[in-house]
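Here is the structure we will look at, set down as structure tokens.
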Amino acid sequence: MDALPDLTPISLAGTPPELGRAHGLLLAREIRLLRRAFFRFLLRVGMLVAAWPLALLFYALGGRFWSQVPPSLKEEMRALAAAADLDMASVLLINVLDDVANALPRCSALAVTPRASATGGVLAGRNLDYPLFLEVLLRQQRLFRVSPAGGVPFLSVAWPGYVGVCTGLNRAGVALSQLTAMSRRTTFRGVPAALRFRLALERGAHISAAVREILAHPATIGNNVLLADPAGALVLELAPGAWACRRPVAGLLTATNHFQAPEMAGLRGRFPRRPPGSPLSPGHFTFAYSVARDRRLQEQAGGRKLSPREIMAILADPGIANPGTVVSAVFAPAAGTLWLARGHDTPVSRHRWGEIRAPW
């Protein structure tokens, strides 16, 4: 049996070119494995549709985001591609695939304030669920410690070649969890989601600063972003041209993959069909499943004070975890502590959890 993913932090520090060069030199082989998994998927689909035209379509769609990428992240990705001896188009696609495919409607997250916390401090947890590439995503999962020149250092749970952030914690105690939200509005004229959230962590010394940074860049797809810091938590509901903020009720805040704020209800979009080869059932790709998971989070977490271990148990609950759960994390922002689940199969939340104290 393969060894569990090595979650010893990979340290990257310096200017954007220095960050990218170190990333590319350290993980060139692993980035190629991710690219190979993508092409293997296209070849399987190619029994119905020609694989190369489909690959060219994905690359062309990904390329439409390049002009919207912030200059510092362009520098970082260029240096990463050069150091790893990879084409720039593949590195870009790794970072914008979620914006192109918009097919992650199964993620779950929650946060509790001191009123509902057994530790007396804010806690947050999340499951990140993916419909494809599960074996390679489990095996290649990495923990990055990024210290950008002039910015706030942060930890990011991600994959080789990924410079954005979908699950992270910075030195100021801001924790971020990205969830897709099905939106009627999507656009290529915006900054790809994970790149916006990366900027929020490296520039945000508290939740309000992170929110301002996210809203400073136009959105591409729908997202629910759970943010927590030592002082509180919120969910930022985002769509191109619209946003709303939700805060805890009775000390508890939950999010799945649909908009809950009344002002965002009219922007709810249709959920995607199950992609070919996914281990998930068609029922996992529905509005009803998103609502059911949110209700289950409320049932499991409501009316009691939660510890980190109890949040781990909630994230492993059969009504919340699913065969696509590749990342499970719990945050204690004030303590600078992160717990990550590690396992050989999904849902990873049902396997061993490891504690990581932020190595600032």
Practice problem: Kindly list, by first and then second residue, each pair from a residue in segment 275-300 that is of a type in the set (A, V, I, L, M) to a residue that is part of a loop (DSSP other than H, G, I, E, B), limited to pairs with Cβ atoms under 6 Å and residues at least 6 apart or on different chains. | Solution: Leu280/Pro131; Leu280/Pro323; Leu280/Gly324
Quiz item: Could you list, in sequence order, the residues of segment 137-151 that are in a loop (DSSP other than H, G, I, E, B) and surrounded by 19 or more Cβ atoms within 10 Å (Cβ to Cβ)?
Solution: Gln141
Quiz item: Failed condition for His217, given (1) closer than 29 Å to Val136 by Cβ; (2) touching a helix residue (DSSP H, G or I) at 6+ places or on another chain (Cβ under 8 Å), with all others met?
Solution: (1)
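Of the residues Leu252, Leu267, which is touching a helix residue (DSSP H, G or I) at 6+ places or on another chain (Cβ under 9 Å), of a type outside the set (Phe, Trp, Tyr) and over 21 Å from Ala205 (Cβ atoms)?
Values: Leu267 fails: touching a helix residue (DSSP H, G or I) at 6+ places or on another chain (Cβ under 9 Å).
When all the criteria are applied, what remains is Leu252.
Among the residues of segment 152-190, how many are among the hydrophobic types (A, V, I, L, M, F, W, C) and assigned to a strand (DSSP E or B)?
First, the residues of segment 152-190 that are among the hydrophobic types (A, V, I, L, M, F, W, C): 152, 154-155, 157-159, 163, 165-166, 169, 172, 174-176, 179, 181-182, 188.
Right, trim to assigned to a strand (DSSP E or B) and you get 154-155, 157-158, 169, 175-176, 179.
Matching residues across segment 152-190 total 8.
In this structure, does Ala332 turn out to be hydrophobic (A, V, I, L, M, F, W, C), assigned by TED's automatic domain parsing to the domain that holds Ala124, farther than 22 Å from Pro153 by Cα and crowded, with 17+ Cβ neighbours inside 10 Å?
Details: hydrophobic (A, V, I, L, M, F, W, C): yes; assigned by TED's automatic domain parsing to the domain that holds Ala124: yes; farther than 22 Å from Pro153 by Cα: no; crowded, with 17+ Cβ neighbours inside 10 Å: yes.
The answer is no for Ala332.
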Quiz prompt | Test: Asp317 is surrounded by 16 or more Cβ atoms within 10 Å (Cβ to Cβ) and among the acidic types (Asp, Glu) | solution = yes
Exercise. Inspect segment 206-226 for any residue being farther than 22 Å from Ile94 by Cβ, small (Gly, Ala, Ser) and touching a residue at least 40 places away in the same chain (Cβ under 8 Å) and give the result as yes or no.
Key: no
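Suppose we keep only residues that are in contact with a Gly (Cβ under 6 Å, 6 or more places away or on another chain) and within 18 Å of Ala329 (Cβ to Cβ) within segment 113-136. Which one would you say is surrounded by the fewest Cβ atoms within 10 Å (Cβ to Cβ)?
Let us first name the residues in segment 113-136 that are in contact with a Gly (Cβ under 6 Å, 6 or more places away or on another chain), namely 113-116, 129-131.
Then keep just the ones that are within 18 Å of Ala329 (Cβ to Cβ); that gives 129-130.
Numbers: Asp129: 29, Tyr130: 20.
The residue in question is Tyr130.
Quick one: would you say Gly125 is out of contact with any strand residue (DSSP E or B) (no Cβ under 7 Å at 6 or more places or on another chain), outside any helix (DSSP H, G or I) and either among the aromatic types (Phe, Trp, Tyr) or modelled with pLDDT of 95 or more (or both)? Break it down into steps so the answer makes sense when it comes.
Numbers: out of contact with any strand residue (DSSP E or B) (no Cβ under 7 Å at 6 or more places or on another chain): no; outside any helix (DSSP H, G or I): yes; either among the aromatic types (Phe, Trp, Tyr) or modelled with pLDDT of 95 or more (or both): yes.
Answer is no for this residue.
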Practice problem: Return the residue satisfying two criteria in turn: it lies in segment 8-46 and is more than 18 Å from Asn95 (Cβ to Cβ) and basic (Lys, Arg), and of such residues it is modelled with the highest pLDDT. | Solution: Arg29
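Take the conditions surrounded by fewer than 23 Cβ atoms within 10 Å (Cβ to Cβ) and assigned by TED's automatic domain parsing to the domain that holds Leu169 and apply them to Pro282. Does it pass?
Yes.
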Self-check item: Residue under evaluation Pro262, criteria (1) out of contact with any Phe, Trp or Tyr (no Cβ under 8 Å at 6 or more places or on another chain); (2) within 19 Å of Asp98 (Cβ to Cβ); (3) of a type outside the set (A, V, I, L, M, F, W, C), criterion not met
Solution: (2)
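The values are calculated or read from the model by the stated rules, or taken from the named source; none is laboratory data. Computed from a predicted structure; not experimentally measured. Cβ coordinates were reconstructed from backbone atoms using ideal geometry, including for glycine residues, and neighbour counts include every protein chain displayed.
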